[in-house]
Amino acid sequence: MHESLHHPKGTFDLLPRAMSDSSWRAAPLWRAVETSLCATAHSWGFEEIRTPIFESTSLFQRGVGDSSDIVSKEMYTFADRAGRSLTLRPEGTLGVVRAIIEKGGQPGSPQYRSINRLFYLGPMFRYERPQAGRYRQFHQFGAEIIGLSSWQSDVEVLDLAITSCKRLGVHKIQLELNSLGDAADRARFRSALTEYLQPHQKALSEDSQRRLERNPLRILDTKDPQDREILSQAPALSTYLSSASRERFAHILEWLELAQIPYVISPHLVRGLDYYCHTVFELTSPSLGAQNSLVAGGRYDELFAMLGQPARSAMGFGLGLERTIQALPDESALKITAGCEVYIIAIGSEVPAPLFLLGRQLRQMDFRVILHTEGGKVARALQLANAENARWVLLAGEEELARSGVQCRDMQARTEAFYSLETIGNHLAKERSQ
Ligand code: HAM
């Protein structure tokens, strides 16, 4: 097949169930997952925000950080016809923050809200090496609280992330968290870590050697075994936290215990984006392979200042839909709608007007209806009704229409009866509610 007819590397199609080559890539499943996630966010008082798929490149350079992997090697950046540098968003937080800065007004203006609880859903793009659980176009559901600094709001966000997974039916998740402290805590720790690592520089992996110069904290989450060995004797970030930062983190742990949310403290969890401070966390799933982080996020009180704005506290997370859907043990917790409920067949003729009108009436009553408009043999039409999972098939030929009615076949109960065009709608509604 010609290259132009292949999907780009690291992307995939979401297909109707019958076409889907793998169950997690079925579009009705995604729709059900997205509906559940939005409903959970609504129940926490979050509102939806939709921002552009591309933004100015400098937004990510300034916000995610030049030394991060994302900015240094993973962005889809292009010049538009007017020569502006644009980037397909690699993550969702910066678009949301940009929109708040641009459209959220100043204190005192009518559109200004000191607290914003926002969620979003959509594709993100990173030029990564594709593998199971890692794609070049992937999808995130994200939630951000902007304008709250309390440790209680951290717990609210953690709880929202966990509940979002649980309501989908993903129960086997582990909460890993850490505190990065504030900027002063990290500066103290950064110099202690650099001082410790400098004599080991040559023994470190290439990646870590580069990071030692540009972003030494990132060395902590290296997977290289020799780096890890060296790090085992390194100073611990937790001992460099001020007493206020330590207390803040302790409060969060207390409330997690109160809510009976199990957690693990991961001293090496630092996250790959530069904007984090204090609480950082991941939800991981044991049922996935190397790419086992379903959700990741944290507090980013310093991001607004990094963008040259007055400081605002904020906290949020991004949930990867591909990984979360692959971690679903079964789909029973979800309301998946696919196919139709009612399939209308005209016997032996083209569709007569009364059946067309009946289809319209049933759709107005909120039934999912397919009107078989192709004529042909009834047996073939019944096969198609089956393929669409129709619960009821309504059949009418000259004889039924002369009596202003239809034969109604209940495909579940395997019964059949005649109903007038006037009563069939109410009959189906009654059956459906049982
Ligand atoms: P992140 O850790 O870069 O954080 O991504 C969050 C989640 O997106 C990951 O846990 C994973 O599930 C999914 N993900 C990331 N990259 C890929 C990929 N290449 N293929 C498939 N899934 C992927 C952020 O993006 C931050 N904006 C999260 C955040 C929001 N922090 C505060 N607010």
Scan region 314-323 and give yes if some residue there is assigned to a helix (DSSP H, G or I) and either more than 7 Å from the ligand (Cβ to nearest atom) or among the β-branched types (Val, Ile, Thr) (or both), otherwise no.
-> yes
Note on region 286-299: residues more than 6 Å from the ligand (Cβ to nearest atom) and under 18 Å from Ala143 (Cβ atoms) are Arg299
Could you look through region 1-55, keep only residues that are closer than 15 Å to Tyr120 by Cα and of a type in the set (A, V, I, L, M), and pick out the one that is surrounded by the most Cβ atoms within 10 Å (Cβ to Cβ)?
-> Val33
Candidates Glu350, Glu341 - the one that is under 30 Å from Leu401 (Cα atoms), more than 16 Å from the ligand (Cβ to nearest atom) and surrounded by fewer than 18 Cβ atoms within 10 Å (Cβ to Cβ) | Glu350
Within region 289-309, tally of residues that are more than 19 Å from the chain's Cα centre (by Cα) and within 24 Å of Thr57 (Cβ to Cβ) = 9
Output the residues belonging to region 258-292 that are crowded, with 20+ Cβ neighbours inside 10 Å and part of a strand (DSSP E or B).
-> Cys277, His278, Thr279, Val280, Phe281, Glu282, Leu283, Thr284
When Leu382 is evaluated against the numbered criteria (1) more than 29 Å from Ser22 (Cα to Cα); (2) touching a residue at least 24 places away in the same chain (Cβ under 8 Å); (3) more than 36 Å from the chain's Cα centre (by Cα), which criterion, by number, is the only one it fails?
-> (1)
Residues of region 48-65 satisfying the condition of being within 16 Å of the ligand (Cβ to nearest atom) and of a type outside the set (A, V, I, L, M, F, W, C) | Glu48, Arg50, Thr51, Pro52, Glu55, Gln61, Arg62, Gly63, Gly65
For residues that are on the phi < 0 side of the Ramachandran plot and near the ligand (Cβ under 9 Å from one of its atoms), tally how many sit in region 271-285.
-> 8
Search result, residues across region 1-37 that are basic (Lys, Arg), within 15 Å of the ligand (Cβ to nearest atom) and at pLDDT below 95 | Arg25
Residue by residue through region 365-423, note down the ones that are of a type in the set (D, E, K, R) and under 13 Å from Ser349 (Cβ atoms).
-> Glu374, Lys377, Glu398, Glu399, Glu400
Number of positions in region 66-93 that are within 13 Å of the ligand (Cβ to nearest atom) and not acidic (Asp, Glu) | 11
Can you confirm whether region 390-401 contains a residue that is exposed (fewer than 11 other Cβ atoms within 10 Å of the Cβ) and in contact with a Lys or Arg (Cβ under 7 Å, 6 or more places away or on another chain)?
-> no
Quick one: what pairs do we get from region 214-242, first residue closer than 20 Å to Ser179 by Cβ, second in a loop (DSSP other than H, G, I, E, B) and open to solvent by 60 Å² or more (accessible area, probe 1.4 Å), C-beta under 7 Å, 6+ apart or different chains?
-> Leu220/His268; Asp221/His268; Ala236/Pro267; Leu237/Pro267; Ser238/Pro267
Check every one of the strands (runs of 3 or more DSSP E) wholly within region 110-184 and list those with 1 or more residues that are over 27 Å from Pro262 (Cβ atoms).
-> 116-125, 137-146
Hey, among Gly133, Gly169, which residue is on the phi > 0 side of the Ramachandran plot, within 14 Å of the ligand (Cβ to nearest atom) and under 17 Å from the mean Cα position of the chain (by Cα)?
-> Gly133
Of the residues Ser208, Ser266, which single one is under 30 Å from the mean Cα position of the chain (by Cα) and either at negative phi or in contact (Cβ under 8 Å) with a residue 12 or more places away in the chain (or both)?
-> Ser266
Is it true that Ala161 is of a type in the set (Gly, Ala, Ser), open to solvent by 20 Å² or more (accessible area, probe 1.4 Å) and either more than 29 Å from Ala327 (Cα to Cα) or in contact with a strand residue (DSSP E or B) (Cβ under 7 Å, 6 or more places away or on another chain) (or both)?
-> no
When Gly359 is run through (1) part of a helix (DSSP H, G or I); (2) at positive phi, the failure sits at (2)
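The values are calculated or read from the model by the stated rules, or taken from the named source; none is laboratory data. Since this is a predicted model, take the numbers as computed values, not measurements. Ideal geometry is used to build each Cβ from the backbone, glycine not excepted, and the neighbour counts take in all protein chains shown. Surface accessibility is based on the protein's heavy atoms, side chains included, excluding ligands, DNA and RNA. Shrake-Rupley method; radii C 1.70, N 1.55, O 1.52, S 1.80 Å.
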